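What follows is a short report on a single structure.
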Amino acid sequence: MAGQFRSYVWDPVLILSQIVLMQTVYYGSLGLWLALVDGLVRSTPSLDQMFDAEILGFSTPPGRLSMMSFVLNALTCALGLLHFIRRGKQCLDFTVTVHFFHLLGCWFYSSRFPSALTWWLVQAVCIALMAVIGEYLCMRTELKEIPLNSAPKSNV
């Protein structure tokens, strides 16, 4: 396949390491955003803010702050896609994978499937933001000009 621009080789170790890395970026940055927001309003941090689907909502201040943290986390994870995935075509795949594992984590943590409509809306908005912004950033770097040296290689 010498005529292709890029050749892809199935590398499960690379894919699994990228999944683990993106999960680390997701939970690390979400924890930092929640800690920052909790510190600003002098609230006590809790794992419920991250994994309990019932806490997200428009009616309570902790719910609104958690929603804001999730949205800010989507923007931060888009930068993670740019730095660690680097392929616009793979941004949606990794975004959905990260949020699927988050769904499993929420299900395991609360021992029930997330049924709150606000949780699903927040996750849908975060998936859209993370994937679109991550893809935009990756495509921007992929489409940069490749500098060509016009000088001769040697003066023979």
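The values are calculated or read from the model by the stated rules, or taken from the named source; none is laboratory data. Since this is a predicted model, take the numbers as computed values, not measurements. Every residue, glycine among them, receives a Cβ derived from its backbone with ideal geometry; neighbour counts consider all protein chains shown. Areas reflect the complete protein model, heavy atoms only, side chains present, ligands, DNA and RNA absent. Shrake-Rupley method; radii C 1.70, N 1.55, O 1.52, S 1.80 Å.
Below is a table of values for the structure above.
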{"quantity": "Qualifying positions in segment 35-48 - of a type outside the set (V, I, T) and open to solvent by 10 Å² or more (accessible area, probe 1.4 Å)", "calculated": "A35, L36, G39, L40, R42, S43, P45, S46, L47, D48"}
{"quantity": "Candidates L92, L81, L65, L148 - the one that is open to solvent by 80 Å² or more (accessible area, probe 1.4 Å) and assigned to a helix (DSSP H, G or I)", "calculated": "L92"}
{"quantity": "Conditions (1) over 21 Å from L92 (Cβ atoms); (2) at pLDDT 95 or above; (3) among the small types (G, A, S): number failed by S29", "calculated": "(1)"}
{"quantity": "Number of the condition not met by A116 [criteria: (1) open to solvent by 40 Å² or more (accessible area, probe 1.4 Å); (2) of a type outside the set (S, T, Y); (3) out of contact with any helix residue (DSSP H, G or I) (no Cβ under 7 Å at 6 or more places or on another chain)]", "calculated": "(1)"}
{"quantity": "Selection status of I133, touching a Cys at 6+ places or on another chain (Cβ under 7 Å) and either at pLDDT below 90 or of a type outside the set (G, A, S) (or both)", "calculated": "no"}
